[in-house]
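Peer 1: Sharing a structure with you now.
A short reminder: the numbers here are calculations on the coordinates, not readings from a lab. Computed from a prediction, not measured in an experiment: that's the story for all the values here. Here Cβ is always computed from backbone atoms with ideal geometry, including for glycine, and neighbour counts include all displayed protein chains.
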Amino acid sequence: MAEAVLVTESLSKRFGGLVAVNDVSLTVQTGDVHCVIGPNGAGKTTLLNLLSGALPPTAGQIRFGGQEVTSLPAHRRARLGIGRSFQRTNIFPEFTVYENCRLGAQAKLRSSMHFVRPAERDVGVRERAERAMELVGLTGRRQALASALSHGEQRQLEIGVMLATEPSLLLLDEPMAGMSADETTRMVALIRRLKAGHTLVLIEHDMDAVFAVADIITVMVNGAVLASGKPDEIRRSQAVQDAYLGSDDA
Ligand SMILES: Nc1ncnc2c1ncn2[C@@H]1O[C@H](COP(=O)(O)OP(=O)(O)OP(=O)(O)O)[C@@H](O)[C@H]1O
Ligand SMILES: [Mg+2]
C-alpha cells in the first residue's frame, strides 16, 4: 500500500466569523501530485498556509512523515522537508538566476550542515544550486537578473529556489497563474519532472493543467472538501460538476 507523507485530521481555520478551512481531513500519498481545486475563496491558499506552518490552525492536526507538526513553525517544517511557493512570485529581482538558487541552497545549509567543513559546504551549496537550476530548466539563463526573466521563467526560478533547499514535499500555489499557453506547457512538463523524487500538493485553476498532472484531485468548496479522488472520478462526479466544474469551459 502507498505510504502517506502528509495527513490532516479535521483541520479548521477560522478568521473571526468566517470558517476558511472547515474540518478538512486529507491524505497525501508519497510521490503523488495531489491537486486542490475549487472556486475563489474556497480556502485553498489558507489550507496551504496551514500545511506550511504560515498560519496556525484553529482546530485539527497535521502529520508529516509520521511526525506531528501541527504546532511547529514554518522554518521547522521547512527543515523537515516541506517546501512551499506562493501565489505571488517570491524571488530577489536584483540577483541573478544562479544567485537566487544559491540563496536557497544556503538556507538549507544554515539549518542542517553546520557540522560540515567550510570547503565541503561550499561545494554542497554550489551543487545544490546547479541541480535546482537544471531541474527547472534555467541553466542557460544562470547569469540573467531575476528581474529580466519572463513571468513564466520567474515562476520556474521560484520553484528552483525552493528545490535548492531539497524539500521532499512541495506545496505550490497556482504556479500557472498569469502564464501564456507556452509557459503553462513548460510548467506542466516541470511538474512531471518533479514527480520523480518529490510529492506535490498543487493548487491550480487551470483545469487542463490539473487533469494533465494530477494523480489525485481534492475539490474544496466553502472551506470544506466536497470530493477527493482520481481525476476520472472527479470528472464524472455529479456533485463536483454541479458545485464547481459546471460548464464545459471550467
Ligand atoms: N488572513 C485572513 N484574514 C481574514 N480572512 C481571510 C484571510 N485569509 C483568507 N481569508 C478569507 O478566507 C477565505 C478563503 O480564502 P483563500 O485565500 O484561502 O481562498 P482560495 O481558495 O485560495 O481563493 P483563490 O482561488 O481566490 O486564491 C476567503 O473568504 C478569504 O477572504
Ligand atoms: Mg488562493
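Peer 1: Pop out the Kirkwood hydrodynamic radius of the chain from its pairwise C-alpha distances, inverse of mean 1/r, in Å to one decimal. Could you put the intermediate results ahead of the total?
Peer 2: Values: mean 1/r = 0.0537 Å⁻¹.
Hydrodynamic radius (Kirkwood, Cα pairs) of the chain is 18.6 Å.
Peer 1: Name the GluC sites (Glu not before Pro) in segment 22-111 that are in a loop by DSSP and that have at most 14 other C-beta atoms within 10 Å, would you?
Peer 2: Numbers: sites: GLU68, GLU94, GLU99; in loops: GLU94.
Hits after loop and neighbour filter: GLU94.
Peer 1: Taking the chain, how many lysine pairs are there with alpha carbons less than 25 Å apart, if each pair must be eight or more places apart or span two chains?
Peer 2: Lysine pair count for the chain: 5.
Peer 1: Let me check against my output: what whole-number percent is the relative contact order of the chain, with C-alpha pairs under 8 Å and at least 6 apart?
Peer 2: On the way: 482 pairs, mean separation 65.5, N = 250.
Relative CO of the chain lands at 26 percent.
Peer 1: Hey, another quick one. What ranking do LYS195, LYS230 get, fewest neighbouring Cβ atoms within 10 angstrom at the top? Numbers along the way, then the final one.
Peer 2: Values: LYS195 16, LYS230 12.
If I rank by nearby Cβ atoms, fewest first, I get LYS230, LYS195.
Peer 1: Amide H of VAL36: which non-local residues (sequence gap of 5 or more, or other chain) have their own amide H closer than 5 Å, using H built in the peptide plane?
Peer 2: Hits under the 5 Å cutoff: LEU202, ILE203, GLU204, THR218.
Peer 1: Another question, then. Defining a contact as two alpha carbons under 8 Å apart and six or more residues distant in sequence, what relative contact order in percent does segment 1-95 show?
Peer 2: Working: 134 pairs, mean separation 26.8, N = 95.
Once normalised by length, the contact order is 28 percent.
Peer 1: Net charge near LYS230: determine it from the other residues with C-beta under 12 Å of the C-beta of LYS230, scoring Lys and Arg +1 and Asp and Glu -1.
Peer 2: Working: positive: ARG235, ARG236; negative: ASP32, ASP215, ASP232, GLU233.
For residues surrounding LYS230, the net value is -2.
Peer 1: Just for the chain, what percent of DSSP beta bridges are antiparallel, to the closest 5? Intermediate results must be reported in sequence, preceding the final value.
Peer 2: Values: 21 of 37 bridges.
Beta bridges within the chain, antiparallel portion: roughly 55 percent.
Peer 1: I'd like the Karplus ³J(HN,Hα) series for segment 22-30: coefficients 6.51, -1.76, 1.60, θ = phi - 60°, whole numbers in Hz, and an x wherever there's a Gly or Pro.
Peer 2: 10, 6, 8, 10, 10, 10, 10, 7, 4
Peer 1: Along the charge dipole of segment 1-84, which of VAL7, SER52, GLY65 sits closest to the positive end, that is, farthest toward it, with unit charges on the beta carbon of Lys, Arg, Asp and Glu (+1, +1, -1, -1)?
Peer 2: SER52
Peer 1: Taking a virtual spin label 7 Å from the Cα of ASP23 along the C-beta vector, which residues in segment 47-79 bring their backbone nitrogen under 14 Å of it?
Peer 2: The answer is 59-60, whose backbone nitrogens lie closer than 14 Å to the label point.
Peer 1: Could you calculate the contour length gain from LEU145 to ALA239, that is, 0.36 nm times the residue separation minus the distance between their Cα atoms, to one decimal place in nm? Intermediate results must be reported in sequence, preceding the final value.
Peer 2: Working: separation 94, 0.36 × 94 = 33.84 nm, distance 4.66 nm.
29.2 nm is the gain from fully extending LEU145 to ALA239.
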